[in-house]
Amino acid sequence: QVQFVESGGGLVQPGGSLRLSCAASGRIFSFYAMGWYRQGPGKQRELVAYITSAGSITYTDSVKDRLTVSRDNDKNTVYLQMNSLKPEETAVYYCNVVPIASPPCWGQGTQVTVSS
C-alpha cells in the first residue's frame, strides 16, 4: 500500500504562492494517477488537481491557471505549485491516488493558511 508525506504548507498572504510536495512510498508509484485534495474548515474533502501516470493533467475549475501539478517518478514525489492564493483556499492539503483506494489511506496533510 502506498503511503504519503505532505510538506510545504504555511501561512501566506492573499495573492501569494506556495509549493507543496508529497513523497510517496512504494515501488509502483509511477503506475498511479496522483491527486491533490484539500479540506477546508467545515467543508468536505475535494480533489483539486491530478496527474495520470502518462502525465495527463486535470484541474477543478476554481484552480485553473493558478495551480500546477507535476510529478517526478524517479523521486516518488508529486508537487503542487499554488499561485494567486485566496483566503477561501485555506485548508489542509493531502495527496493520494486517484481514484481513492478502498479502504483509503491518508497522510497527515499539510496546512495552508491564506490570510493577511
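Summary table
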| read-out | value |
| --- | --- |
| Conditions (1) under 22 Å from Ser17 (Cβ atoms); (2) part of a strand (DSSP E or B): number failed by Val97 | (1) |
| Single residue of Thr113, Thr52 found to be out of contact with any Leu (no Cβ under 9 Å at 6 or more places or on another chain) and surrounded by fewer than 17 Cβ atoms within 10 Å (Cβ to Cβ) | Thr52 |
| Odd one out for Leu67, checked against (1) open to solvent by less than 30 Å² (accessible area, probe 1.4 Å); (2) touching a helix residue (DSSP H, G or I) at 6+ places or on another chain (Cβ under 8 Å); (3) free of Cβ contacts under 8 Å to residues at least 40 places away in the same chain | (2) |
| Selection count, the range 25-49, where residues are at pLDDT below 95 and open to solvent by 70 Å² or more (accessible area, probe 1.4 Å) | 4 |
| Unique match (being modelled with pLDDT of 95 or more, of a type in the set (Lys, Arg) and farther than 24 Å from Pro14 by Cβ) among Arg66, Arg71 | Arg71 |
| Residues that are at pLDDT 95 or above, surrounded by fewer than 20 Cβ atoms within 10 Å (Cβ to Cβ) and among the acidic types (Asp, Glu), drawn from the range 74-93 | Glu88 |
| Those residues of the range 59-94 which are of a type in the set (Ser, Thr, Tyr) and either in a strand (DSSP E or B) or under 14 Å from Glu6 (Cβ atoms) (or both), in sequence order | Tyr59, Thr68, Ser70, Thr77, Tyr79, Tyr93, Tyr94 |
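The values are calculated or read from the model by the stated rules, or taken from the named source; none is laboratory data. Keep in mind that what you see is a predicted model, and the values were worked out from it rather than measured. Reconstructed Cβ throughout: ideal geometry from the backbone, glycine too, with neighbour counts over all protein chains shown. Surface accessibility is based on the protein's heavy atoms, side chains included, excluding ligands, DNA and RNA. Shrake-Rupley method; radii C 1.70, N 1.55, O 1.52, S 1.80 Å.
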